[in-house]
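See below for the structure under consideration.
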Amino acid sequence: MPSPSYSNPLLPILLGGLLLSINVGHTLLTELSAKTTGSLPFRESSAVLTSELCKLLLSFCLFLKIFLARKSTKYDPALVLTPRTGLKMAVPGLLYTVSNMLSYTATGQVGSTNYQLFSNMKIIITAIMFRVVMKKPLKLIQWGCILLLTIGFMTATAQCKHTQVSSDADPARLITGVITIVILSVASALAGVYFELSLKTAPEHLLLQNLCMYAWSSIFCVLKYNLESSSSSFFDGFSPIVWGAIATDAIYGQVISLVLYYTDNMFKIFANSSSTLVSAWLEYLATGTSVGGTTWVSGFIVGFSTIGYYADHEFLLRDDTGFFASKSKRGPEDVPLHRGEESWLLNETAAATATATATGARSRPVKSDRSLNEDSANVV
């Protein structure tokens with residue numbers, strides 16, 4: 001189902017705000033569900049399987065709604081899954097399952113704020129895959145903003161030695177958490193780019209592709225759960241907070257599909273990265289965790305990089321004459337014009353010149369034949 005063009009400029013803002021809010025909420029709920037030792041009170045495979053089943057159920061309900069609401073009973077290829085697309089959806093389903101499995105572990109190891117900061121490494125990973133797979137060129141200034149965002153991630157390492165998930169946290173746990181985030185970032189980036197490519201090229205409806213992908217991920221989660229050996233029951237440790245984290249993760253999956261369908265993976269990554277400062281403050285309100293100076297610096301860099309990536313680059317590359325020169329010392333002819341104003345002025349000047357030429361031609365007196373003969377005689 002090809003990606004449509006949209007004329008509402010508020011749509012990306014709404015999707016970005018919704019994605020940011022759900023992402024922060026899910027991460028904080030997962031952090032609150034951890035015990036004081038830093039471990040999670042439930043089996044990670046149980047939580048991920050429950051989350052994938054909730055995503056599958058939610059996708060089925062949404063698809064069933066549009067299927068029953070169709071105006072015609074004629075065959076619609078967008079509502080029928082082809083075997084090719086069904087098999088292709090197994091790839092992001094497996095990668096997303098790996099990423100979701102590891103996200104619970106990483107959050108319990110490094111905390112929600114550090115999890116958000118370290119997850120910024122998927123900026124570069126996603127940008128490279130996005131450039132290669134989607135074949136969408138990026139400007140050099142955009143690559144610079146991506147590298148600047150990586151610096152924001154590097155500033156978080158200075159906070160690692162001060163931020164502790166628990167009273168007995170050690171550097172080994174933080175290193176393990178960072179390695180876990182690297183693995184899940186690669187899996188998530190590859191799954192996201194592959195899924196975006198399918199959403200924008202496959203003929204099926206995005207909700208149908210969603211349904212198929214979550215069916216695959218549910219199968220992989222069932223296999224993962226059956227391979228584990230544990231004496232605890234399936235829902236052991238499921239508190240209301242855990243159910244809240246599962247619910248937000250299920251909604252997050254549906255929002256991701258909309259974001260990839262209407263925008264792209266880079267928009268998703270920047271929206272998630274912008275949740276760093278919000279996550280830090282909410283974690284402080286919820287758990288009392290102090291907000292260090294490096295968190296503020298990282299949040300500033302994330303915001304600055306996001307603005308630089310999506311801003312009008314032609315405007316940013318303009319000279320500073322129009323900003324720093326005193327207006328009292330400039331005439332109207334010295335004021336720099338925008339591209340639209342310059343085009344309008346050129347059109348008006350051309351129209352005025354054409355009008356003046358035509359007026360001059362009409363007002364010029366027409367000489368009679370006698371006058372022309374007299375002029376010729378004088379010349380002779």
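We did not get these values from a lab; they are worked out from the coordinates using the rules stated. This structure is a prediction, so every number in the text was calculated from the model and none was measured. Using ideal geometry, Cβ is built from the backbone for each residue, glycine included, and neighbour counts are taken over all protein chains shown.
Points to keep in mind about this one:
- In sequence order, calculated HN-Hα J values of region 85-99 (Karplus, 6.51, -1.76, 1.60; Hz; x Gly/Pro): 5, x, 6, 5, 5, 5, 5, x, x, 5, 5, 5, 5, 4, 5
- When both region 79-146 and region 189-264 are represented by their alpha-carbon centers, they are found 13 Å apart.
- Lysine pairs in region 10-316 with Cα atoms under 22 Å, if 8 or more residues apart or on separate chains: 24
- LYS71 paired with THR176, simple spin-label distance in nm, labels 7 Å along Cα-to-beta-carbon: 5.9
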